[in-house]
Amino acid sequence: MKKIKYALLIILLVPTGLWLLADTLLPDPFSYFSFRRVFVQYSGVIAITVMSVAMLLALRPKWIEPYFNGLDKMYRLHKWLGISALVFAVSHWWFAKGTKWMVGWGWLERPERRPRGNGPDLGFWEGLFRSQRGLAETIGEWAFYAAALLIVLALIKRFPYRWFAKTHTLLAATYLLFVFHAIILLNFDYWSQPIGWLTAVLLASGTFSAIWVLLGRVGAKRKVNGEITSLEHHEDMRLMEVTVKMDEGWPGHKAGQFAFAMSDKKEGPHPYTIASAWDPDTRLIRFVIKALGDHTSRLSERLTIGMPITMEGPYGEFDFNDEQQRQIWVGAGIGMTPFIARMKRLADQPDGKVIDFFHPTMHINDTIKDKLSADVEASKVNLHLLIDEKDGLLDAERIRETVPDWRIASIWFCGPPALGEAIRKDFIKHGFRPEQFHQELFKLR
């Protein structure tokens, strides 16, 4: 989480610093209108900066994953960039548009305009840009209304994922409109200064990214087809096990990684943690999917054996790779899936670590329990199965009581974010090093 916060601060502070080299938020003489002039420029620069970086992250670039410890963390940054864009865009819009309304309402008195006279001769580009200001303002205003609506919809969890995926893509189109708006209305003097150079690079990169998104080319080189070979339903747990045989070309995956699976183009790809170790001889990938939302609740009716599936990935850095010889795993509910994959890998390739696996769940049937027990026995992992009604809820104190040498261990958590955050904070409060706590943020919106 610290890397996400640091990255967001850098993305905000670097353009702010460069902008302050070119302009100021304390114009002389200072008045509402003189401040408005510079703040509209500043807020516009920051808004288009965070939008551009968000567009770059939308490409799911693999080379950035290691720094953020996984695509899940990158998407968390993408979310906060979107929120930041909305905040700065709203302030930009209000000072630009709201000021005109306040003048009309009589709340403000517009200062007298200076007579234009002949004025200085403008160069070709500056003259061209000024001639397009009215069009750029109109395009920017309507693009803002569309983008604000799309960002708000993306933040509403009840908004169906299938509609979220479709509407969120439209933000790439609104971004291209913002690019035109920014090019025309950015203070022309900025283009010859570092803030202008940075803006030009971001606009070029963001434009490429937006076009790539609109063409549907995100992750195209990491897509491989497969076919469903088996389905196993567990109605009492609202679980479904899906096994897919991959075509040649799948690069393999590490335990703990996930993939985007698409069985219906209308629905689009959905992320699922892989619950199996990779074997190039069988080329089988297994998922354990819980009916949690509108899409996953319908999968049991839609998926059939022999159905083609397109996989994109693998993604993620939740790979259990650290220097600690002691590990504590917490897989709450469906959060057990990455640990299933790791146990299957350890059964074939033991690493000598001492591992305690806590699996709190509301309910577990005999079939799943037997499979889990088999994986535990084969991998030599110590299982602590906790049924909520029978054993009570899991907390950090209970983990410490069960694992006395917790200080020398690393913790790997996958499950409800609130539970993970509570356990992390409690352990850190008791002297646990934050870098030894690994949490999968498996919420991509």
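Here, each number is a calculation from the coordinates, and none is a lab measurement. Everything quoted here is computed from the prediction, not taken from an experiment. Every residue, glycine among them, receives a Cβ derived from its backbone with ideal geometry; neighbour counts consider all protein chains shown.
Give me the net charge for the shell around N187: Cβ to Cβ below 14 angstrom, other residues only, Lys and Arg +1, Asp and Glu -1. Result for the local shell: +1.
Fewest neighbouring Cβ atoms within 10 Å first, the residues D391, D121, D348 line up as D121, D348, D391.
By how many nm would the segment from T402 to W105 grow when fully extended, if each residue of separation counts as 0.36 nm and the alpha-carbon distance is taken off? All intermediate terms of the calculation are to be shown ahead of the outcome.
Values: separation 297, 0.36 × 297 = 106.92 nm, distance 6.74 nm.
Length gained, T402 through W105: 100.2 nm.
Using the Kirkwood radius over C-alpha pairs as Rh, can you work out the diffusion coefficient of region 1-133 via Stokes-Einstein at 25 °C, viscosity 0.890 mPa s, in µm² per second?
Numbers: Rh = 17.6 Å.
Once the numbers are plugged in, D ends up at 139 µm²/s.
Across all Cα pairs in the chain, the calculated P(r) in 10 Å bins from zero up to the longest distance comes to 4, 18, 25, 21, 15, 10, 5, 2, 0 percent per bin.
I11 sits among other residues whose Cβ lies under 14 Å from its own Cβ, and their net charge, with Lys and Arg +1 and Asp and Glu -1, is +4. Look at the alpha carbon pairs under 8 Å that are at least 6 residues apart: their mean separation over the length of region 220-315 gives a relative contact order of 40 percent. Residues of region 245-267 falling in the label zone of D294, defined by backbone nitrogen less than 18 Å from a point 7 Å along Cα to beta-carbon, are 263-267.
Label sites at K429 and R37, each approximated as a point 7 angstrom past Cα along Cα to Cβ, lie 5.4 nm apart.
Multiply the residue separation of W212 and K245 by 0.36 nm, subtract the distance between their alpha-carbon atoms, and state the gained length in nm to one decimal.
On the way: separation 33, 0.36 × 33 = 11.88 nm, distance 2.90 nm.
In short, 9.0 nm is gained.
When the helices in the chain are scored as -39500 (n - 2.57) per DSSP H run of 4 or longer and the sum is shared across all residues, what 222 nm value do you end up with, to the nearest 500 deg cm²/dmol? Walk me through the intermediate numbers first.
Working: 15 runs with 216 residues, N = 445.
That comes out to -16000 deg cm²/dmol.
Between G293, T169, V179, the Cα set farthest toward the positive side of the dipole of the chain (charges on each charged residue's Cβ, about the Cα centre) is that of V179. The distance between label points at S205 and V354 comes to 4.6 nm (points 7 Å beyond Cα on the Cα→Cβ vector). Helix 337-348 and the long axis of the chain differ in direction by around 50°, with both axes built from C-alpha atoms. Taking 0.36 nm per residue of separation and subtracting the current Cα-Cα distance, fully stretching the chain between Q193 and R158 would add 8.1 nm. In order along region 90-105, phi translates into HN-Hα couplings of 5, 5, 4, 5, 5, 5, 7, 8, x, 4, 5, 5, 5, 5, x, 7 Hz, rounded to whole numbers, per the Karplus curve 6.51 cos²θ - 1.76 cosθ + 1.60 with θ = phi - 60° and x for Gly and Pro. With 18 Å as the limit, the listed pairs K2/K157; K157/K425; K290/K369; K166/K221 have K2/K157; K157/K425; K166/K221 beyond it between alpha carbons.
Against the main long axis of the alpha-carbon atoms of the chain, helix 417-429 sits at an angle near 90°. Nearest 0.05, what FRET efficiency do M307 and V87 give at R0 = 51 Å with Cβ-Cβ as r? That pair, M307 with V87, gives E of 0.75. Taking Cα atoms only, the orientation of helix 194-214 departs from the longest principal axis of the chain by about 50 degrees. Each residue in R158, R286 was given a count of other beta-carbon atoms within 10 angstrom of its own, and listing them fewest first yields R158, R286. Under a GNM of the chain (C-alpha, springs under 10 Å), which listed residue has the highest mean-square fluctuation: L57, L150, L13? Of the options given, L13 has the highest mean-square fluctuation. Each distinct pair of alpha carbons in region 220-315 adds a 1/r term; the inverse of their mean, the Kirkwood radius, is 13.4 Å.
Only counting other Cβ atoms within 10 Å, I'd like Y6, Y32 sorted with the fewest neighbours first. Present the calculation step by step, with values, prior to reporting the outcome.
On the way: Y6 10, Y32 14.
Result, fewest neighbours first: Y6, Y32.
Straight-distance candidates among the aspartates and glutamates for linking to K245, with alpha-carbon spacing under 18 Å and chain neighbours fewer than 8 residues away dropped: E227, E232, D264, D279, D281, E312.
Can you give the charge dipole size of region 326-439 about its Cα centre, rounded to the nearest 20 debye, using +1 on the beta carbon of Lys and Arg and -1 on the beta carbon of Asp and Glu? All intermediate terms of the calculation are to be shown ahead of the outcome.
Working: 16 positive and 17 negative charges, 81 e Å.
Computed about the Cα centre, the dipole is about 380 debye.
Of all DSSP beta bridges confined to the chain, the antiparallel ones make up roughly 60%.
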